[in-house]
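The structure appears below as structure tokens.
What follows is calculated from the coordinates using simple rules that are stated; it is not laboratory data. The structure displayed is predicted, hence computed values, not measured ones. Note that each Cβ is placed from the backbone with ideal geometry, even for glycine, and that neighbours are counted across all protein chains shown.
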Amino acid sequence: MTEKHVAVLLADGFEEGEAVVFIDIMRRLDIKVTVLSCMETTALNTYFETRITADDILKNCYDTIYDAVMMPGGPKGTDNLSANPMVIDFLKRHINEDKYICALCSSGAKVLAAHQLLGLHYYTTGAGLDKKFDDGQFLDQKVVVDGQFISGKGLGVSFEFAFTVAKYLLVDNQEKVDWQANHIYFDHWPLLSTPDK
């Protein structure tokens with residue numbers, strides 16, 4: 001099985017807890033992660049002022065195709081992602097290549113739905129943001145999987161979200177995903193309700 005590679009898109013104001021949990025779980029499962037700043041520098045300002053540095057900037061890796069693209073929430077972070085044309089073009093290219101698009105918290109609504117990227121796909125998001133956009137079909141669930149779109153409600157479901165993404169990336173090695181969840185004493189895996197639509 002070839003190594004899977006995930007891009008994590010970060011912009012100033014992102015929710016650091018969501019991003020770090022996701023990156024941690026991916027790397028524990030030997031899924032390669034490249035953390036990309038969607039700003040001008042790799043040094044980023046987070047929602048709660050934790051100092052975090054990305055691996056590179058999106059501009060330098062724009063032409064790379066990843067197996068999945070993940071975005072955390074954070075009010076200002078998702079505003080910055082949504083306002084960046086390079087981010088939207090990068091997402092569109094990955095959608096066209098049938099890669100996984102993984103949106104946690106407000107990014108599902110404020111980035112994907114705001115730019116009409118979901119179409120008729122089901123998704124979840126936090127804070128009632130779905131009511132602001134007519135794109136996509138909202139489901140009030142912790143994690144929703146619909147085709148290539150994987151979405152999670154917010155920080156409190158970061159582990160469920162990360163393990164769900166891993167489940168789809170490591171489709172031939174579910175035992176590894178289950179073992180890692182057990183290894184870190186994560187009791188909410190597998191999810192009791194099936195998130196797939």
Skipping prolines and chain starts, which residues have an amide H placed within reach, meaning under 5 Å, of the one on Phe138, given they are 5 or more residues away or on another chain? Tyr123
Using only alpha carbon pairs under 8 Å that are at least six residues apart, calculate the relative contact order of the range 5-183 and give it in whole percent. 21 percent
Which label belongs to the value computed from this structure, given these candidates for percent of Cα pairs over 24 Å apart: (i) 72; (ii) 32; (iii) 53? (ii)
Here the percent of antiparallel bridges among DSSP beta bridges lying wholly in the range 68-197, to the nearest 5, is 25 percent
Cleavage-rule hits, GluC sites (Glu not before Pro), the range 88-196, DSSP coil, Cβ neighbours within 10 Å at most 14: Glu97
Let me know the charge dipole size of the chain about its Cα centre in debye, to the nearest 20, where only the beta-carbon of Lys, Arg (+1) and Asp, Glu (-1) is charged. 160 debye
Within the chain, which is the longest segment that contains none of the chymotrypsin sites (Phe, Trp or Tyr not before Pro) sitting in a DSSP loop with at most 13 other Cβ atoms within 10 Å? 63-184
Rounded to 0.05, the calculated FRET efficiency for the beta carbons of Thr53 and Asp30 at R₀ = 25 Å is 0.65
Please list 3J(HN,Hα) in residue order for the range 111-119, calculated via the Karplus relation 6.51 cos²θ - 1.76 cosθ + 1.60 where θ = phi - 60°; whole Hz, with x for glycine and proline. 10, 6, 5, 4, 10, 6, 9, 8, x
